[in-house]
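Peer 1: First, the structure itself, so that you have it in front of you.
Derivation of every value follows stated rules applied to the coordinates shown; laboratory data play no part. Given the structure is predicted, the values throughout are model-derived calculations rather than measurements. FYI the Cβ positions are ideal-geometry reconstructions off the backbone, even for glycines, and counts take in every protein chain you see.
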Amino acid sequence: MFRTRTTLPVVLAALLAVSFVSVPVARAEDTPLAKAMEEMGDHYKALKKIIKDPAKNADSLALIDKSLAAAIISKQHMPKVIEKAAAGDKAKLIAGYRKAMAEVIATYCKLEIQLVEGKNEEAVETLKALHDLEEKGHEVYNP
Ligand code: HEM
C-alpha cells in the first residue's frame, strides 16, 4: 500500500520531467531574420504607445533608430520562402523582398522627419502605413 502511494507520484513526476526534456528544435526565432523582425515588432508596439505625444519625441526617435537598424539587418537575410522557392521564381521574390524592406526603411525615415518637424498627427498615420507594409510583406514572405 505504502509502495503504491509513493510510486505513483514518482512515476508521474518522472513522466512530466521527461516531457520537458528539451530536444533541440530549430525555432523560428533562432534565425537572424526572425530576431531582427521580432525586434522591429517590439519597437513598433512601443512606438504605437507614444508616437502621438510630442513630449516623448526623443524616445520615439530612439525607437526609430533601433527599428531602422533591425530593418537593415532584415533586408540582408533572405526569408525561408525564397530559399524554398523554385529556381525560376527566386529572382522575382528576391527583388520583391528587397523592394518591400526598402519601403519599410523609407517609411521609418519619413516617420523620423515628421517627428523632427513636430508633426505627430501625421506620424500616427505613417505608423499605420508601416503596419500595412508589414501585413503585405508577411502575406508573401511570412505566410
Ligand atoms: C514594420 C514592419 C514589420 C514588422 C514590425 C515586422 C515584424 C515581424 C515579426 C514580429 C515577426 C515574427 C518574428 C518571430 O518569429 O518571432 C516577423 C517575421 C517575419 N517577417 Fe516581418 N515585419 C515587418 C515587415 C516585414 C516585411 C515588409 C517583410 C517582407 C517583405 C517581412 C518578412 C518577414 C519574414 C519572412 C518573417 C519570418 C522570419 C523567420 O521566421 O525567419 N516583414 N516580422
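Peer 1: Beyond 24 Å, what share of the Cα-Cα pairs of segment 29-141 is found? Please give it as a whole percent.
Peer 2: 27
Peer 1: When only DSSP loop residues count, what GluC sites (Glu not before Pro) in segment 34-143 have their Cβ near at most 11 other Cβ atoms within 10 Å?
Peer 2: Loop-located and lightly packed - GLU117.
Peer 1: Please state, as a whole number in µm²/s, the translational diffusion coefficient that the Stokes-Einstein equation yields for segment 25-86 at 10 °C and 1.306 mPa s, with Rh defined as the Kirkwood radius across alpha carbon pairs.
Peer 2: So the translational diffusion coefficient is about 123 µm²/s.
Peer 1: If you don't mind, there's one more thing I want to ask. For the pair LYS99/LYS48, report the inter-label distance in nm, with labels modelled 7 Å from Cα in the Cβ direction.
Peer 2: In this crude spin-label approximation the distance works out to 2.8 nm.
Peer 1: Taking just the alpha-carbon atoms of segment 62-115, what radius of gyration and Dmax come out, in angstrom?
Peer 2: Over segment 62-115's Cα set, Rg and Dmax evaluate to 13.3, 43 Å.
Peer 1: While we're here: Between GLU122 and ALA87, what FRET efficiency comes out of the Förster formula 1/(1 + (r/R0)^6) with R0 = 41 Å and r the beta carbon distance, rounded to 0.05?
Peer 2: Details: r = 44 Å, r/R0 = 1.06.
Efficiency, rounded to the nearest 0.05: 0.40.
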